[in-house]
1. State which residue pairs qualify: first residue in contact (Cβ under 8 Å) with a residue 12 or more places away in the chain and inside region A:164-188, second residue crowded, with 21+ Cβ neighbours inside 10 Å and of a type in the set (S, T, N, Q) in any location, beta carbons under 6 Å apart, and separation of 6 or more residues or different chains.
2. Find all pairs meeting these conditions: Cβ atoms under 7 angstrom apart; at least six residues apart or on different chains; first residue within region B:238-254 and loosely packed, with under 15 Cβ neighbours inside 10 Å; second residue modelled with pLDDT of 95 or more.
3. Answer with yes or no whether residue A:135 is among the polar types (S, T, N, Q), within 14 Å of chain B (Cβ to nearest Cβ) and closer than 30 Å to residue B:55 by Cβ.
4. Going by what's in this entry, would residue A:12 be described as more than 20 Å from the chain's Cα centre (by Cα), within 7 Å of another protein chain (Cβ to nearest Cβ) and surrounded by fewer than 23 Cβ atoms within 10 Å (Cβ to Cβ)?
5. Restricting to region B:76-108, what's the tally of residues that are buried (at least 24 other Cβ atoms within 10 Å of the Cβ) and in contact with a helix residue (DSSP H, G or I) (Cβ under 6 Å, 6 or more places away or on another chain)?
6. If the requirement is being at positive phi, modelled with pLDDT of 95 or more and either buried (at least 19 other Cβ atoms within 10 Å of the Cβ) or over 21 Å from the mean Cα position of the chain (by Cα) (or both), which of these qualifies: B:144, B:161?
7. Take residue A:289 and decide whether it is acidic (Asp, Glu), in contact (Cβ under 8 Å) with a residue 40 or more places away in the chain and either farther than 21 Å from residue A:176 by Cβ or touching a Pro at 6+ places or on another chain (Cβ under 9 Å) (or both).
8. Based on this model, can you work out whether residue A:212 counts as touching a Gly at 6+ places or on another chain (Cβ under 6 Å) and either within 19 Å of residue A:157 (Cβ to Cβ) or without any contact (Cβ under 8 Å) to a residue 24 or more places away in the chain (or both)?
2 protein chains.
Amino acid sequence: MSYLDEIGEFGFIERIKEMFSVSSPLLVQGIGDDCAVFEGREGWHTLVTCDVQVEEVHFKMELFPPFLLGRRILAVNISDVAAMGGLPRFALLSFVLRPDLEEKWLSEVLRGIKAEAERFKVDIIGGNLSRVAGSLVFDVTLIGEVESEHPLLLRSNARVGDLVLVTGYPGEAACGLQIILEGSKEEITRFERLCRRCLAPLPRVEEGRVIAESGHPCALIDVSDGLLQDLSHILEASGAGAVVHLESLPLSEDIRSFAREKVVDPFLPILSGGEDFELLFTAPPRLAEKLKAEIQRR
Amino acid sequence: MSYLDEIGEFGFIERIKEMFSVSSPLLVQGIGDDCAVFEGREGWHTLVTCDVQVEEVHFKMELFPPFLLGRRILAVNISDVAAMGGLPRFALLSFVLRPDLEEKWLSEVLRGIKAEAERFKVDIIGGNLSRVAGSLVFDVTLIGEVESEHPLLLRSNARVGDLVLVTGYPGEAACGLQIILEGSKEEITRFERLCRRCLAPLPRVEEGRVIAESGHPCALIDVSDGLLQDLSHILEASGAGAVVHLESLPLSEDIRSFAREKVVDPFLPILSGGEDFELLFTAPPRLAEKLKAEIQRR
């Protein structure tokens, strides 16, 4: 009776992919990457993605400041456009809310969405409001663009001999989440940066642009399920393998302190913590060096 | 404390409209019509809309056959593209589901979505799956296109002297809903056509195309909130008034029988019943005659 539990999200997506054939000549990339891609205005591809934040699954009202939740609702979607090397353009907000929701809380969520929208020059162009008796659901559709002259940065692009790179410090969001859920007030203050990395992740649009503008078909994905799992998405799509050297993984001072204090292996959150929304990508060694330098320069 | 109850869906949308300014030169039409519109591939505008079906709000599992629910999930969105005179192209499915959902039920929903997608040549190109403990949520983003040479069929296009027209028989869905919710098995069988009009509405894509291809800037909306309310959306946006002659309203045999049996005024569901997804539009008298003839011919 627990069908979805058995097959999981990826099993379900596979099922949808098998069941629905696509036929439009306008479609460039369907189900299976960070965004779907179709023919856009002259010189551009249109990117589209949707991602949802569900109460008690992705956030808890009593633990998540509503302003940061608002930023997060948009950020997780902008990140999918970043993971195609694209520029975010438009968003539609589909909210399923309890009628007795407090205005103040909702206003703060909207303020957070507005702040994130302004930061990334995203226009809110539509949406939908429905009521519900149960969990709040914030669904967002994000529309972006990427120049059609650039090769698409698909998960299937990795080639033998490529290096694997990642922006920022994956694992920080998972450490932050643990502190938010279980930590004392003092810990939340002390590890404020980690908590913020969990509550309000920063979409790596700028970094994605550097990779797109290289003109090389890098494999690119954002780290939402955890570094190892997202890397495996690239490897499966590309039919390739990878060796991960622990000593080469980026390890931040904050994760080091957190791991020491909690007596855990710091590589555990780095490899399997999700929701960092860092960019994970592959490139031939010489290009990898160039991209690293260019990303650090910006 | 009941903020959303106080301001309602339209109040909330007004609030969002006021709060979020838009700046993209690519945007043709933002919040406030059936779809948002932005610059598309050469010769076309891209249309985008999202609408949601929430358990216990829009459907009840025990009353709605899952196959028809699947069709409905897509149909209500395709209808918004029809209400811009557009052609539906792509859909993203965002599902928020209980993990213990039965496979058989979900498969039937997917079969219904597939049937509707094939009927209207819509490709499913992406989506998202999340879990929830409470109500099921089926959110769909629909992307369509309309030729940029045609004037947009906006709610604000109505002009003094125009006639008001509507496709099909508004009110049938509301009668059907009442039978589904309160009727006996015998009634459900006898009024099967009305029930079907409620469960599986038919998006009027073909009719929307006739209106678009006329090249005249008709005001156009789909009847989701009820004929009078949706007409008032057109009138408010256009700064116009309208006289509705009861004897000119389309009154189907089924509504007549239903009203007689239930001893209700048949004009009540016609004027205020929602969810018919018929097209309500305005046109100057001579064009109105032509459109009527052309729609009946197809």
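1. A:164/A:282
2. Taking only residues 6 or more apart or on different chains, the pairs are B:241/B:235; B:246/B:267.
3. yes
4. no
5. Number of matching residues: 3.
6. Values: B:144 fails: at positive phi.
So the residue among B:144, B:161 that is at positive phi, modelled with pLDDT of 95 or more and either buried (at least 19 other Cβ atoms within 10 Å of the Cβ) or over 21 Å from the mean Cα position of the chain (by Cα) (or both) is B:161.
7. The answer is no for residue A:289.
8. Here the answer is yes, as residue A:212 does meet what is asked.
The values are calculated or read from the model by the stated rules, or taken from the named source; none is laboratory data. If you're wondering where the values come from, they're calculated on a predicted model, not measured in any experiment. All Cβ positions, even for glycine, are placed from backbone atoms using ideal geometry, and neighbour counts span all protein chains on display.
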